Structures are given as structure tokens and as C-alpha cells.
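S.K.: The following block contains the structure, expressed as C-alpha cells.
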Amino acid sequence: MLRREERQYNPFIGRQDKPGDQRKSFQIDRDRILYSSAFRRLAQVTQVVTAQEGHVFHNRLTHSLKVGQVARRLAERLISEQDDLAQKVGGINPDVVEAAALAHDLGHPPFGHTAEEELDECATKQGLVDGFEGNAQSFRILTRLAIHRVDYFGLNLTRATLNAVLKYPWLRDSNPQSKNWRKYSVYQLDKQAFEFVRPEQDTSQTVEASIMDFADDITYSVHDLEDFYLAGLIPLELLATDRDEFTRFIERWLGDFSNNYFAKIVRSQQNRFQNFLNATYNLKGQYRPGSFEQKAQIKRISSQLIQTYIQSVKLSQDYGDRGYLQYNQAKEEELKFLQRIVWHYVISNPRLATQRYGQKKIIRTLFEVYLEAIHRSDITFIPARFVKEFLDLKTLEDKGENKEQEKTRMAVDIVAGLSEAETVLQYRRLTGIAQGSFLDYWD
């Protein structure tokens, strides 16, 4: 039987990890993630709008902290209410769940999903068939790129925590039409680490991964809406009370569907969605925008919604759409509805579209610059933390081994590991837009 507490490089159990350390293995996992530079970087990575917009909006770091909190509370509730069933479906440990939640977005590149798409295109054009995916990059950071000790790569986490991070526990499918081509959690080059976590072929989420996944959906559905409502970009009161505005929103949503089945669901739930909005967000004329009272009220609403969604799931022995979590259909549809409001008023906004165009150009340029530097063995361009790996690759290549895929992956890793401030700074320097300073530092 596989030990949940076993580690990839030194398979000690419990406090044997560090003599004298009173923490348990899964607590050590959580702390290693929390103290990693990869986690700190998330403060400078886009959630919906660029992190440079300031504290008004969530960034990937504040989002991840909230996912960790929600995931832990959900795990604790399920253990309290269904402990026997929790053991039957693989076991739930709140430290594992929180650790996975804190780590789930480590692989997000600068500028978020925009760069994710661009890096995938850049990498696949260079022959790297599994391209780029944020979830797979998270697993790569935990098992390979993060620096913790000189005698191994990655954070050397336990099998249980690495399993809980695997939202899509498979490698990229070779068929672009497959759903496993678009979303996956492991690169081919990280297959050995994946086989440590899962020696047997199994594409099911662990129950702890399902809890992390659901907590992520709850968190961003609620706090993204809160952010943009308070910023004056989502007219929640109007949407809740004005039938014409709500109808325009629904019709735009329906217009994006190519599948009539989903269109029927949205149309059939139209009245329920508006009643939900009216009961939850009918604040029109009650509070001055930006006032203490308005902010307090929206915080109260967000808190109530999160608690409602946490209470809406229970464990099941049958594996379904949310793994071993049995969800409430109405609440699941509400979450999708809230996500769609943000998409309609913010993500599809032309102001973000033009910004995304520039962000893609920055990512593409940096990838090309670093890949060229790697091919011409110009160490002066390669970040210090990648030099050892580069020299190891060069040694193997000198011995006749083909390391083209590893070189392309390194260029991807360099760009994906930048903060947004570093990304813009490096782009401006490398394209001659601005010289920067000799004292500018990045690792």
C-alpha cells in the first residue's frame, strides 16, 4: 500500500523529516509552499486584471490565500460530518488540502491566462508537444523548479500533497480535439515525478484535490464579483432590479453557446437567476459608492455566499463530476452564473482585450530571446538559478544526447517564472525601450 506521507527523495515519515521538528509531515508541506519564492511571486501575477492595478483587486497571491482558507474549512466540515466516508474515499487531511490550495496557482505565468495561451503556442511551434499549461507548471515547480535543498530538486513534498495538486491527473493527450489536450497537470519531462505520485494509471482526482478544486471555484466566483462591483465595473444593483439589463445579459450569454443543451439550461433558469440576484444584491440607492456601509454590506453578502457554498456539498462514495464530492445542482449553477457576470462585464471588456494583445507580444518576445540565448549558450542571458541546469544539459548534449525539448522547456520555465514587474522590466531592456539600471536585480 502506498504511503501518503512518503516523499520523493527521502521517504521518511512524520518528524523523522527534521529531527526535533514538532510538525507533522503534511504541516511541513504547507509551510514549505508558504515560504517558497514561487508563492511570493504570485503577489505580482494577474488574477483578472494586472497586479499593477493595486490592492483594490485580488492578485494570485491573495486569491490563493483565500482558496486555502475555504478549502481548509470545507475539509474540516466534511471530516466532522462524514469521517467514516472520508476514510473510505482515500482520507482527508486539512493540512494536505490547504497546502494543495496554496500551491494550485504557482504555475500561473505573468499576465495569467493570456500568457498561458501564448506560451503554449510558442512552445508547441518549437516542437514541445505538451506546450504550456498552468496546472502542469504548478506540478513542475513543486517537483522540479522550486529551490529548497542542494541535494534534490523541488520542495520534496509528500505523495498525498502532490496528489491533491493534480486537478487534471494525466499528461497531455495527443489529440487536439480531446478534453485532455486542453487541460492536464503533468508534462512529459515530469513523468517520473508523476509516477512516484501515481505508480498506477488512474485519472481520478483524490478527494483532497476535489475539495481544493471546489474551493477555487467558490473563492474566485465570489471575490472577483466583489472586486469589480466595488470598483464600479459591474452594475449589480441594475442587473438585480432592471429587467431589460438582465435580459441583455442573458441574451449575450446565450449567444456564446454553440450547444443548444447549455442554452436550454440557461434559459430555463433565467427567472431563478434574477430572483437570486434580486434577493442577494438588491442594494440600489441604499449606499453611496465606496462608502463604509456599502463595503460592509458587500463583505457580509460575500461571507454568506461562501458559507452557503461550503455547506452545499457532501461526500459520496460514487465518483462523479466533482470527484467524490456530491454537489447541489442549483448552487453549482449559481457559481457558473456569478462567473459569467464577471466575464460579461470585465473579461470581455475591450480595454482588457487591447491590454492582452500587448501582453502576448511581451511574452512571445521574451520567449524568443531566452530560447535563442540558450541555443547559443549565452550564459549572461540565463537567470542565475537556471545556470546549473543549463550546464548539466550542455554536458549531456556534448556526450551526444538530444536535449532540444529540455532547452525549449527551460525557455518556457524562465518566462513563466517571472513576476509581472520583472516581465515588463526585462522586455523594456531587451527591446531597447528603456535601459533600466545596472542595479536592477532579478533571480
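Rule-based calculations on the coordinates, nothing more; no lab input. All values derive from a computational prediction rather than experimental measurement. Every residue, glycine among them, receives a Cβ derived from its backbone with ideal geometry; neighbour counts consider all protein chains shown.
S.K.: Arrange SER419, SER221 by Cβ neighbour counts within 10 Å, fewest through most, would you?
M.R.: Lowest count first: SER419, SER221.
S.K.: With an 8 Å Cα cut-off and a minimum separation of 6 or more residues, compute the relative contact order for the chain in percent.
M.R.: It rounds to 18 percent for the chain.
S.K.: Between GLN188, GLN329, GLN359, find the one with the highest GNM mean-square fluctuation for the chain; connect C-alpha pairs within less than 10 Å.
M.R.: GLN329
S.K.: Looking at the square roots a ≥ b ≥ c of the eigenvalues of the Cα gyration tensor of region 224-349, which shape do they give, rounded for a/c under 1.5, prolate if a/b is larger than b/c, or oblate?
M.R.: Working: a/c = 2.13, a/b = 1.28, b/c = 1.67.
Oblate is the answer for region 224-349, as a/c is 1.5 or above yet b/c matches or exceeds a/b.
S.K.: May I pose another question? Assigning unit charges at the beta carbon (Lys, Arg +1; Asp, Glu -1) and nothing else, what dipole magnitude in debye, to the nearest 20, does region 143-195 show about its Cα centre? Working shown, then result.
M.R.: Details: 9 positive and 4 negative charges, 47 e Å.
Approximately 220 debye in magnitude.
S.K.: Using Cα pairs under 8 angstrom and six or more residues apart, how large is the relative contact order of region 14-197, in percent?
M.R.: 19
S.K.: Another one. Assigning unit charges at the beta carbon (Lys, Arg +1; Asp, Glu -1) and nothing else, what dipole magnitude in debye, to the nearest 20, does the chain show about its Cα centre? Write down the numbers at each step before the final one.
M.R.: Details: 60 positive and 61 negative charges, 110 e Å.
Magnitude of the dipole: close to 520 debye.
S.K.: If one takes the longest principal axis of the Cα atoms in the chain, at what angle in degrees, from 0 to 90 and to the nearest 10, does the Cα axis of helix 207-230 lie?
M.R.: 60
S.K.: Just want the ordering: MET410, MET212, from fewest to most Cβ atoms lying within 10 Å of their own Cβ.
M.R.: On the way: MET410 20, MET212 31.
With the sparsest Cβ surroundings first, the list reads MET410, MET212.
S.K.: Tell me whether region 63-155 comes out rounded, prolate or oblate; compute the Cα gyration tensor, take square roots of the eigenvalues as a ≥ b ≥ c, and use a/c under 1.5 as the rounded threshold.
M.R.: Prolate, since a/c reaches 1.5 and a/b exceeds b/c.
S.K.: Another one. So for region 352-431, what are the equivalent ellipsoid semi-axes in whole Å, largest first, each being the square root of 5 times an eigenvalue of the Cα gyration tensor?
M.R.: Ellipsoid half-lengths, sorted descending, are 27, 12, 10 Å.
S.K.: Quote the convex hull volume per residue of the chain, based on C-alpha atoms, as a whole number of Å³.
M.R.: With only Cα atoms used, the chain gives 175 Å³ per residue.
S.K.: I've got another one for you. How many Å³ per residue does the convex hull of the Cα positions in region 304-443 occupy?
M.R.: Once divided by residue count, the hull of region 304-443 is 207 Å³.
S.K.: Then there's this: Can you tell me how region 351-399 classifies by the Cα gyration tensor, rounded, prolate or oblate, using a/c under 1.5 as the rounded cut?
M.R.: On the way: a/c = 3.78, a/b = 3.15, b/c = 1.20.
Judged from the Cα gyration tensor, region 351-399 comes out prolate (a/c at least 1.5, a/b above b/c).
S.K.: Cut-off 10 angstrom, C-alpha nodes, Gaussian network model of the chain. Which of GLU98, GLU237, GLU195 fluctuates the most?
M.R.: Maximum among the listed residues: GLU195.
S.K.: Determine, at each q value in 0.15, 0.16 (inverse angstroms), the log₁₀ of I(q)/I(0) that the Debye formula gives when each Cα of region 14-197 is one equal point scatterer.
M.R.: -0.95, -1.06
S.K.: Also, quick follow-up: For the chain, with a Gaussian network of springs between Cα atoms less than 10 Å apart, report the residue from THR203, THR114, THR380 with the top mean-square fluctuation.
M.R.: THR380
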